[in-house]
Amino acid sequence: MQNDKDAKKEAPKTPEVVKPSPPPVFPGLDPAAARQAKEFKHTTALLACRYEPAGKFLFTSGQDNTLQRWEIETAKKTDMAGHSSWVRAMVFAPKEKLLFSGGYDGQIISWNYESAEPIPLRQVLAHQGWIRALSVDPAGQKLVSCGNDGRIAIWSIPELKPVHSWQAHENHVYQVGFHPSGKEIVSVDLKGMVRIWDLTGKKIREIEAKALHKYDSGFGADIGGARSMAFSTDGTVLALAGITNVTNAFAGVGNPIILLVDWATGKITKELTSKEKFQGTMWGVAWHPAGFVAGTAGGNGGMLWFWKPDQANEFAAIKLADNARDISIAPNGKAIAIPSYGGFARIFDITPNLNPPKETPPKVPPAKK
Amino acid sequence: MNCNYACKTVDHGVSRRAFLGGIGGLGLGALANPLAAKGLTVQQKRVLVVFLAGGVSQLETWDPKPGVVTGGPFRAIPTSVPGIHISELLPYTASWMHKLALVRGINTKENDHGKGSYIMHTGRRQEPANEYPHLGSVCSKLLTEDKNPLPGYLNITPNGAGAQNSKDAAYLGPRFGSVSISDGKAPANLEKPGAINSEAEMQRHLLRQNANERFYARRKSAMTEAYTQTYDQARMLMEKRGLFDITSESGKLADRYGKHDFGRHCLLSRRLLEGGATFVKVSHTNYDTHHENFDFHIEQLGEFDRTFATLLEDLDVRGLLDSTLVVVMSEFGRTPTINRNYGRDHWGTAWSVAMGGCGIQKGAVVGKTNATGTAVVDREVNGGHLFHTYLKALGFDSKKNFYVDQRPLPMADPKASPIEEILL
């Protein structure tokens, strides 16, 4: 009598057929068909962009230290001067109709973003050194900032009065954000150290995102950190974007990556990378409400990728005209904005393309005489 | 050009003192008297070169251009000299600007690491048929006493093997080449083996000396002379091995220098200079920031700034600064244009060097770049001018010649001249 084990041994082998996974379906959307719908040009390279909550304006920041407000429909540009250095952090308090910008000058400025001529309303020196990230809590009552001074600070909205601050990291803090629950704050530093805090600054736990950091002994310098960060809509997964596999920090030889962190367990569950190796840094990551992840990179050119969170490789890849430096999803979910090194803010339509370009028949060479 | 001593004259054995004082007669002694007048009557002079390897950005250090398209994210801050602003990345150094001077109009026309480094070390462009001595070798030749137990040109490197690099000395001869102090560690084998007492060691030395003298009677070359001199110097260096032990410094001072490699190496530099070293070069790596120039300059200059300011203060407090020429240099600067990866690339067209101490005007600035830093618009100088300036700051007439095989070889590029505006 054969036991089960022997039966398994003798079972005829059937060739394994690997079926290509069908393209994901997102009702009313087709990220793979992403195509440029609009393009706004600034006078200098751009650094960051954010849609305002109503979707009427796109805000960008440039290497000339200014912010720009673009009316999407008309392309009308309004320059906003106030910072004395670059700005990569912008976030909105919709109830108060305020935009907060955080600059490499260490300042947070609040702006009346819907005004005909937005002006700085309040201005605070929040950190010694660069501010790289800001976040507003879901209730719209608190703003959190992080700085190169290793500190995290909470500010009241709209007054921008200090509520609480603490020394959070030994290294420059690259990202900070409220969890969608509003009860916790997450921060990430240069060395990929992820720390979770309660609102009083008490550390709850920490996670090492080692893939996001390297000490390059040849150059004697650290490279890494999360260059962008986003929670899934339900707050169960945190996405951290950066550079990995670095072999030459000073030439940027490495690959873009997004790490997915399970919020409940603190485990890194997925590393999202591109099928075709690309040299550069993932400068932007965003969760689409429909459930996919979008990431933009700059390095040897620019790329936009879309992933399903359960698959390591992208389901769609779009080559960009030049290096991407951030990403923002339109409030209606139908478009994506990407600022670039070339000074362009480009808006990509990700709805199904009802008028795809006609395929041109291959040219037939003329018959030889 | 190598130093072969092909003519076999005794002139090649001439010492620094003979060189300066004219005792040696012909050859190198031809340069002697004018230099001796100035060189011997002053206290010992020293040189410290801080080499920011890879090419530090002039826009993030000595010549900031905030608010323009090429300026980058950093602001300019005032210094201890009214009217002089430098990058906000150098707050500690800014408080010592009254002891420093800036040359902001350098155009070396060279964007290659090796060639740029050669220009900054020798004051000349590389030529296929000629080799020129490094500043360290020239200073070793001109300033180092024969009985100085320390090699004349000490090169503290972040890593690599400790070694003697005779090529650096070119025609001056291998004894003036650099000696690498790898990672600030003392040269190997400075401790006398326990089984050999002083008497036995002396007997061994005398035996070796006798053998050398017999050998010299028949053939002598720059190489054999350097070999013997190195042996003698190693014996003297054994007595000075404590200089390499920075743990004997106070913990508080060591903390101020910084516990990182550059901090340790700068503290060692000060000990060596105070202990009689003529020329010390200490390197800080690395600034070759084609990618993320700004993040990396925060990181690297964060180490450099406080350490360098501490080193200046330490030299000053000990009364050494006014007799020590301090130079902060790179092989070139970095492009005003910010590339697509937030980097800056190689740029020899319009960049800066800082110097101070011996012979240098305090708080002076010479040279100017345009508003975006893309070109020199006033008092353009090159590596040759800088080399002349260093020598003149040390009290030498840089227009003079060295003589090898009775052939005159200009100490510095004859097409250039000292930057007089920055000299005392």
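What follows draws every value from the coordinates through simple rules; no lab data is involved. The structure displayed is predicted, hence computed values, not measured ones. Glycine gets a Cβ as well: all are built from the backbone with ideal geometry, and neighbour counts include every protein chain shown.
Near B:Lys415, which aspartates and glutamates are there with a Cα under 20 Å away, not counting those fewer than 8 places off in the same chain?
Within the straight-line limit of under 20 Å, B:Lys415 reaches these aspartates and glutamates: B:Glu110, B:Glu127, B:Glu131, B:Asp378, B:Glu380, B:Asp397.
Got a sec? How would B:Val81, B:Val353 order by Cβ neighbour count within 10 Å, fewest to most?
Fewest-to-most Cβ neighbours within 10 Å comes out as B:Val81, B:Val353.
In deg cm²/dmol, rounded to 500, what helix-only [θ] at 222 nm does the protein assembly as shown give when every DSSP H run of at least 4 residues adds -39500 (n - 2.57) and the total is split over its residues?
Rounded to the nearest 500, it is -5500 deg cm²/dmol.
In percent, how large is the relative contact order of region A:25-349, given Cα pairs closer than 8 Å and 6 or more residues apart? Before the final figure, lay out each step's value.
Values: 962 pairs, mean separation 46.5, N = 325.
The value is 14 percent.
Which whole-Hz ³J(HN,Hα) couplings does region A:185-191 yield from phi under the Karplus relation 6.51 cos²θ - 1.76 cosθ + 1.60, θ = phi - 60°, glycine and proline marked x?
Result, rounded to whole Hz: 10, 10, 9, 9, 10, 3, 8.
Convert each backbone phi in region A:229-242 into a coupling constant with the Karplus relation 6.51 cos²θ - 1.76 cosθ + 1.60 (shift: θ = phi - 60°), then list the ³J(HN,Hα) values in order as whole Hz, x for Gly and Pro.
Residue by residue, region A:229-242 yields 8, 7, 8, 5, 4, 8, x, 8, 10, 10, 9, 10, 10, x Hz.
By a straight-distance test (C-alpha under 13 Å), which aspartates and glutamates pair with A:Lys38 as possible cross-link partners, with residues fewer than eight away in the same chain excluded?
Here the aspartates and glutamates satisfying the reach criterion relative to A:Lys38 are A:Glu71, A:Glu73, A:Asp349.
With +1 assigned to the C-beta of every Lys and Arg and -1 to the C-beta of every Asp and Glu, and no other charges, what is the dipole magnitude of chain B about the Cα centre in debye, to the nearest 20?
1060
What's the angle, to the nearest 10 degrees (0 to 90), between helix B:113-122's Cα axis and the longest principal axis of chain B?
60
Residue farthest toward the positive end of the dipole of the protein assembly as shown, with Cβ of Lys/Arg at +1 and Asp/Glu at -1: which of A:Val261, B:Leu391, A:Ala126?
Result: B:Leu391, furthest along the dipole toward the positive end.
Fewest Cβ neighbours within 10 Å first, please rank A:Ile350, A:Ile154, A:Ile185, B:Ile77 accordingly.
Values: A:Ile350 29, A:Ile154 21, A:Ile185 24, B:Ile77 15.
With the sparsest Cβ surroundings first, the list reads B:Ile77, A:Ile154, A:Ile185, A:Ile350.
Which cross-chain or sequence-distant (5 or more) residues have an amide H under 5 Å from the amide H of B:Leu409, H modelled 1.01 Å from N in plane?
Here the answer is B:Phe402, B:Tyr403, B:Val404, since their amide H atoms fall under 5 Å of that of B:Leu409.
Taking θ as phi - 60°, what are the ³J(HN,Hα) couplings along region B:96-103 by the Karplus curve (6.51, -1.76, 1.60), each to the nearest whole Hz, with x for Gly and Pro?
10, 4, 5, 10, 10, 9, 10, 10
Going by amide H atoms built from the backbone, whose H comes under 5 Å of the H on B:Gly184, apart from near neighbours?
Those qualifying (amide H under 5 Å, at least 5 residues apart or on another chain) are B:Thr157.
At a Cα cut-off below 17 Å, give the aspartates and glutamates reachable from B:Lys147, other chains included and same-chain residues fewer than 8 away excluded.
Those aspartates and glutamates meeting the cut-off are B:Glu225, B:Asp232, B:Glu239, B:Glu274.
Of the listed pairs B:Lys115/B:Lys281; B:Lys281/B:Lys392; A:Lys56/A:Lys358, which have alpha-carbon separations greater than 26 Å here?
Distance filter (> 26 Å) returns A:Lys56/A:Lys358.
If one computes the Cα centroid of region B:87-122 and of region A:130-202, what distance in Å separates the two points?
38
Can you sort B:Glu199, B:Glu274 so the residue with the fewest Cβ neighbours within 10 Å comes first? Write out the running numbers ahead of the final one.
Values: B:Glu199 8, B:Glu274 16.
Going from least to most buried by this count: B:Glu199, B:Glu274.
Given H placed 1.01 Å from N in the peptide plane, which residues other than close sequence neighbours of A:Ala48 have an amide H under 5 Å from its amide H?
Counting only residues 5 or more places away or on other chains, the set is A:Ser61.
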